[in-house]
Amino acid sequence: MSTTTSAADSSVADPGSGTTRAAWAATGALAGLAGVVAIQASSGVSAVYDEDTAGDPGAIVARLTDQRTFILVEHISMTVSALALLVFAAGLARLLSARLGSGSILPGVAAGGLVATSAVCLIGTGLTTELVFGLSAGSDLVPEFAVVAGHWFGTIPWLWAAAGVSALAVAVASLRHGAVPRWLGWASLVLGGLTALFGVSPLQYMAGFTGPFWVLVCATGLWITGRTQAA
């Protein structure tokens, strides 16, 4: 058995194994699930895209007022995802460093993509206060600002391309070095490749569908592995 394979299968002297790994990986699963929920909620903030309101700032404001629940759900879930991603990034980097050694750049790449994604998610929620309170009764919200905010909610939170780079780093760590299970490597290769390709294409917002899903799959897989080793 090769040393890389045995490193992937053994939890001896691995600071990312057992109950500790179960904790940060579970946080990562929360990040992925919250990201999926946020993207679905974002799809409900559709006032600027609906055919019967598009191009009419007054009508968009009225429609956005009816969609404030979606805005709040998107804000809360996306913020939860952003904060949980930081914990997952740290845990993933520690696990890969333990399995690959300090000379590998893969742990830093994997963590860096998730940290960048976290920052994008936080920025994506930045107009929530202005919009939600601006849509309240008696507000002097400028309709044109509501249009910009509507587009903001429908675009920025979907920019998960950097998570695709993290997934590709995990794929390399798995398929070339045996640092994590091979099934997770193949899943990361497919979902990470799609997420990164979406990000560099005019279909960049499609990364919002695959990026959070990869985080959910990856973190859940590592959580199950951690729980199994801890048993």
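Cβ-Cβ contacts under 6 Å between residues 6 or more apart (or on different chains), taken from a first residue in the stretch 125-149 that is farther than 18 Å from ASP56 by Cβ to a second residue that is open to solvent by less than 50 Å² (accessible area, probe 1.4 Å) and not acidic (Asp, Glu), are listed as THR125/MET78; THR125/THR79; LEU127/ALA149; VAL132/ILE71. Restricting attention to the stretch 91-132, the residues that are closer than 17 Å to VAL45 by Cβ, aliphatic (A, V, I, L, M) and in contact with a Ser or Thr (Cβ under 8 Å, 6 or more places away or on another chain) total 0.
Can you go through SER136, SER81, SER118, SER77 and tell me which one is of a type in the set (S, T, N, Q) and modelled with pLDDT under 95? Every option except SER136 fails the conditions.
Just wondering, is there one or more residues in the stretch 146-157 that are β-branched (Val, Ile, Thr), in a loop (DSSP other than H, G, I, E, B) and open to solvent by less than 20 Å² (accessible area, probe 1.4 Å)? Looking for residues that are β-branched (Val, Ile, Thr), in a loop (DSSP other than H, G, I, E, B) and open to solvent by less than 20 Å² (accessible area, probe 1.4 Å), one finds none in the stretch 146-157, hence no. Could you tell me whether the stretch 128-145 includes any residue that is open to solvent by less than 50 Å² (accessible area, probe 1.4 Å) and among the aromatic types (Phe, Trp, Tyr)? Checked the stretch 128-145: no residue is open to solvent by less than 50 Å² (accessible area, probe 1.4 Å) and among the aromatic types (Phe, Trp, Tyr). As a summary of the residue check, ALA111 satisfies the conditions (1) open to solvent by 30 Å² or more (accessible area, probe 1.4 Å); (2) free of Cβ contacts under 8 Å to residues at least 60 places away in the same chain; (3) assigned to a helix (DSSP H, G or I) except for the one numbered (1).
Matching residues to (1) crowded, with 20+ Cβ neighbours inside 10 Å; (2) farther than 24 Å from CYS121 by Cβ; (3) at pLDDT below 95; (4) touching a Phe, Trp or Tyr at 6+ places or on another chain (Cβ under 8 Å):
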position	(1), (2), (3), (4)
ALA162	yes, no, no, no
LEU168	yes, no, no, no
TRP183	no, yes, no, no
LEU189	no, no, no, no
ALA196	yes, no, no, no
TRP214	yes, no, no, no
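The values are calculated or read from the model by the stated rules, or taken from the named source; none is laboratory data. These numbers come from a predicted model, not from an experiment. As a convention, Cβ positions derive from the backbone with ideal geometry for all residues, glycine included, and neighbour counts pool all protein chains shown. Quick note on the areas: whole protein, heavy atoms, side chains included, nothing else; ligands and nucleic acids left out. Shrake-Rupley method; radii C 1.70, N 1.55, O 1.52, S 1.80 Å.
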